[in-house]
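Following: one structure in structure tokens, then a few remarks.
The values are calculated or read from the model by the stated rules, or taken from the named source; none is laboratory data. Since this is a predicted model, take the numbers as computed values, not measurements. In this analysis, Cβ positions are derived from the backbone assuming ideal geometry, glycine residues included, and neighbour counts consider all displayed protein chains. Surface accessibility is based on the protein's heavy atoms, side chains included, excluding ligands, DNA and RNA. Shrake-Rupley method; radii C 1.70, N 1.55, O 1.52, S 1.80 Å.
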Amino acid sequence: MPPKPGLEPGNAAVALKKPNHAPKGAEDVPHADLAALTLALASPEAGERRRAARELGAFPEAGPRLCAHLGSEPAASVRAVILTTLIRIKSPAVVEGLLPLLRSEDSALRNAAIEVLQEMPAEVEPHVADLLADPDSDVRILTVNMLSLLPHPKAPDWLAEVVARDPHVNVCAAAVDGLAEIGNESAIAPLQALAARFPEVPFIRFAAAAAIRRIGGS
Amino acid sequence: MQPNHAFAQTAPAIQITEDEYEKFYEYFYRRTGISFSGRKEYFVEKRLLERIAKTGSDSFKAYFTLLRFQPSGEELQHLVNLMTVNETYFFREDYQFDALVRGILPEITRTRRPGGTLRIWSMPCSTGEEPYSIAIQILEYWSRADEFAIEITGSDIDSRVLADARKGIYGNRSLQRLSPELRKKYFRRLGDDQFEIHEELRGSIEFSIANLSDPIHMHRYRAMDVIFCRNLLIYFDDTSRRSAVEALYECLTPGGFICLGHSESMSRMSSMFLPRKFGDTIVYQRPVEQD
């Protein structure tokens, strides 16, 4: 790009103006109050709702209220702030508030719930057995996806258990994908047995073999 | 499976196999957005071995388990800090400055009246190379520069680097990417390896302290049209990164843009922004409509 003639550094003041970011008065600093913030979640202004969602992070008891609000919140930016606040609150109540969202028809909401849940390994652990036994295979697939990213030492064993026992091939396939990354030797036997469980599904044999290779088996 | 790397000098017992490298690359990319090409293998292995030794792990496998399952994510952060190079100089990643004058500013000003204010924020600005580069780029290459009042702010959490930024004195290494013409035009030679940026330019840029994690600090910065926040968020843990991105969102005017470092991807951090492509670079826009 050729330099633009005529604007010399001596003319910098023509274009550049020094800004002022002096501290604003105390009236600009938000005041947190649980009742007022909860009320502000219903504000028609998305900016107000974001502020409320952010500041509710100072009130762990607001977790269930925020989880409930997620389902009806129309603005993506507010939802994003709510998720961050829920991760900060990080409590068993938040996990319980999010689990029903795994059954939502709204895929963005389901993924949002997973996004938060995978940040709370200790709080999620008591629910893993129930989630993996859920009659809805979609819930089990979401759970497997979450476990694949959950920083929990039992995650590889939970996935290996899915591969050994889950009756649905898609749930097993999701677990195979997870094991390819986080699996250990204990997954090799169930992976080897998987093809025999689903002989009518050829791809599962290749997926399992690839996962075994990645884990370090023969 | 054959190990392909032996580290006789530093840790003779530890070897990392091809498959282990693959697993590590995939994991690291997924968590941080940083990908390593084959050329960086030595760079990666040196740092991995350093952390393996520091954490007392007896194998790559043990270390990788720690890395993945540590609830605090502390070890991942140590590794990120090691794997990222913090270096600053004039016109670093200059394709974004090209995008600024060729695409971003023209788009922002399409509906603005001449005489209005444009606000550009370099955060973190370190010792000032980035905000000065932005100023030079605009003065040199944006034909509408003199139609608007352009406010450029450089901020950092470190008051010592801000003091250096205000002084505006740099060595040859910082100026390596500047043409002799631009050096002559915008700098005064003080010594063999000392160049002082033009006084008027220095006086046109505000340098101020800012902490992305402090809501009161961040409240001072509003209605920004463009934010350069490059190679900072990568150093944050996941939760702090989310909060920081949300704070930056509030600092931008609707329709404003944020430029991240080349190894950073907003889509891995937040869904609040729209990716936009200008030339070869992707920047992120706060949606125009009040969402």
Exercise for the section: Using amide H atoms built 1.01 Å from N in the peptide plane, name the residues 5+ places from B:Ile34, or on other chains, whose amide H lies under 5 Å from its own. Expected result: none
Handout entry: Other protein chain Cβ atoms within 10 Å, averaged over every residue that makes up B:140-152
Key = 5
Fill in the blank from the handout: Quick note, region A:126-218: a/c under 1.5 would make it rounded; otherwise a/b > b/c is prolate and the rest oblate (a ≥ b ≥ c, C-alpha gyration tensor); here it is oblate
Handout entry: Rough spin-label spacing in nm, given labels placed 7 Å along Cα→Cβ, for B:Asp214 and B:Asp164
Key = 2.1
Practice task
Please turn the phi angles of region B:213-219 into ³J(HN,Hα) values with the Karplus equation 6.51 cos²θ - 1.76 cosθ + 1.60 (θ = phi - 60°), one per residue in order, whole Hz, x for glycine and proline.
Solution key: 8, 10, x, 5, 4, 5, 4
Exercise for the section: Specify whether the C-alpha gyration tensor of chain A places it in the rounded, prolate or oblate class, a ≥ b ≥ c being the square roots of the eigenvalues: rounded for a/c under 1.5, otherwise prolate if a/b is larger than b/c and oblate if not. Expected result: oblate
Problem - Farthest positive-ward along region B:143-291 dipole, Cα basis, beta-carbon charges - from B:Asn231, B:Ile258, B:Leu274 - result: B:Asn231
Handout entry: region A:33-119: C-alpha gyration tensor shape, a/c 1.5 cut-off, then a/b vs b/c
Key = oblate
Completion exercise
Stretched fully, the stretch from B:Tyr25 through B:Glu74 gains (0.36 nm per residue minus C-alpha distance, one decimal, in nm) 15.8 nm
Practice task
Considering only DSSP beta bridges where both residues belong to chain B, give the percentage that are antiparallel (nearest 5).
Solution key: 45
Fill in the blank from the handout: Under the 7 Å Cα-to-Cβ spin-label approximation, B:Thr239 and A:Ser137 lie apart by a distance in nanometres of 3.7
Problem - When each of A:Lys90/B:Lys46; A:Lys90/B:Lys277; B:Lys185/B:Lys277; A:Lys18/B:Lys185 is checked by Cα-Cα distance, pairs over 26 Å - result: A:Lys90/B:Lys46; A:Lys90/B:Lys277; B:Lys185/B:Lys277
Fill in the blank from the handout: Put B:Lys61, B:Lys54 in order of accessible area, largest first, probe 1.4 Å, and you get B:Lys54, B:Lys61
Handout entry: Sequence of B:Lys185, A:Lys18, B:Lys23 from largest to smallest accessible area, 1.4 Å probe
Key = A:Lys18, B:Lys185, B:Lys23
Exercise for the section: Convert each backbone phi in region B:140-151 into a coupling constant with the Karplus relation 6.51 cos²θ - 1.76 cosθ + 1.60 (shift: θ = phi - 60°), then list the ³J(HN,Hα) values in order as whole Hz, x for Gly and Pro. Expected result: 7, 10, 10, 5, 9, 4, 7, 8, 10, 8, 9, 9
Completion exercise
Interface residues of region A:151-165, defined as losing at least 40 Å² of accessible area versus the chain alone with a 1.4 Å probe, are A:Pro151
Handout entry: A:Ala68/B:Arg276 FRET efficiency (R0 22 Å; Cβ-Cβ; nearest 0.05)
Key = 0.05
Exercise for the section: Work out the FRET efficiency for B:Arg268 and B:Ala149 from their Cβ-Cβ distance, taking R0 = 41 Å, and round it to the nearest 0.05. Expected result: 0.70
Completion exercise
In debye to the nearest 20, the charge dipole size for region A:20-175, taken about the Cα centre with +1 at each Lys and Arg Cβ and -1 at each Asp and Glu Cβ, equals 300
Exercise for the section: Hey, can you grab everything whose amide H is under 5 Å from the amide H of B:Gly255? Only 5+ residues off in sequence or another chain; H modelled, so Pro and N-termini drop out. Expected result: B:Arg286, B:Val288
Handout entry: Area buried, chain A against chain B - accessible surface, total, 1.4 angstrom probe, square angstrom
Key = 4900
Practice task
In a Gaussian network model over chain B where Cα atoms closer than 10 Å are linked, find which of B:Gly279, B:Gly261, B:Gly168 has the largest mean-square fluctuation.
Solution key: B:Gly279
Exercise for the section: Calculate how steeply helix B:18-32 sits against the longest principal axis of the alpha-carbon atoms of chain B, using the helix alpha-carbon long axis, and give the answer as 0 to 90 degrees to the nearest 10. Expected result: 30
Problem - region A:180-216 versus region A:31-87: alpha-carbon centroid distance in Å - result: 43
Fill in the blank from the handout: Between B:Glu200 and B:Thr117, Cβ-based FRET efficiency (R0 25 Å, step 0.05) works out to 0.85
Fill in the blank from the handout: Given unit charges at Cβ for Lys, Arg (+) and Asp, Glu (-), the dipole magnitude of region A:33-119 about its Cα centre in debye, nearest 20, is 120
Problem - A:His21 accessible area, 1.4 Å probe, all protein chains in place, Å² to nearest 10 - result: 20
Exercise for the section: With +1 on each Lys and Arg Cβ and -1 on each Asp and Glu Cβ, and nothing else charged, work out how big the dipole of chain B is about its Cα centre, in Debye to the nearest 20. Expected result: 300
Problem - Karplus-derived 3J(HN,Hα), 6.51/-1.76/1.60, for each residue of region B:168-174, Hz, glycine and proline x - result: x, 10, 9, x, 4, 4, 5
Handout entry: Approximate spin-label separation B:Arg183-A:Ser43, in nm, with each point projected 7 Å along Cα-to-Cβ
Key = 5.3
Completion exercise
Residues whose modelled amide H sits under 5 Å from the amide H of B:Phe278, counting only those 5 or more places away in sequence or on another chain, are B:Val283
Fill in the blank from the handout: Dipole check, chain B, charges on Cβ (K,R +1; D,E -1), about Cα centroid: among B:Asn211, B:Gln137, B:Gly168 the Cα furthest to the positive pole belongs to B:Gln137
Handout entry: Solvent-accessible area, 1.4 Å probe, carbon plus sulfur percent, for the protein assembly as shown
Key = 52
Practice task
Between beta-carbons, use under 12 Å as the cut-off and find the net charge around B:Arg31, counting Lys and Arg +1, Asp and Glu -1.
Solution key: -1
Completion exercise
Expected max-MSF residue from B:Asp192, B:Asp214, B:Asp98 in the GNM of chain B (alpha carbon, under 10 Å) is B:Asp192
Practice task
Report, in deg cm²/dmol and to the nearest 500, the calculated mean residue ellipticity at 222 nm for chain A, where each DSSP H run with n ≥ 4 adds -39500 (n - 2.57) and the sum is divided by the residue count.
Solution key: -18500 deg cm²/dmol
Problem - Label zone at B:Lys61, where the point sits 7 Å out along the Cα-to-Cβ direction: region A:174-196 residues whose backbone N lies under 13 Å - result: A:183-188
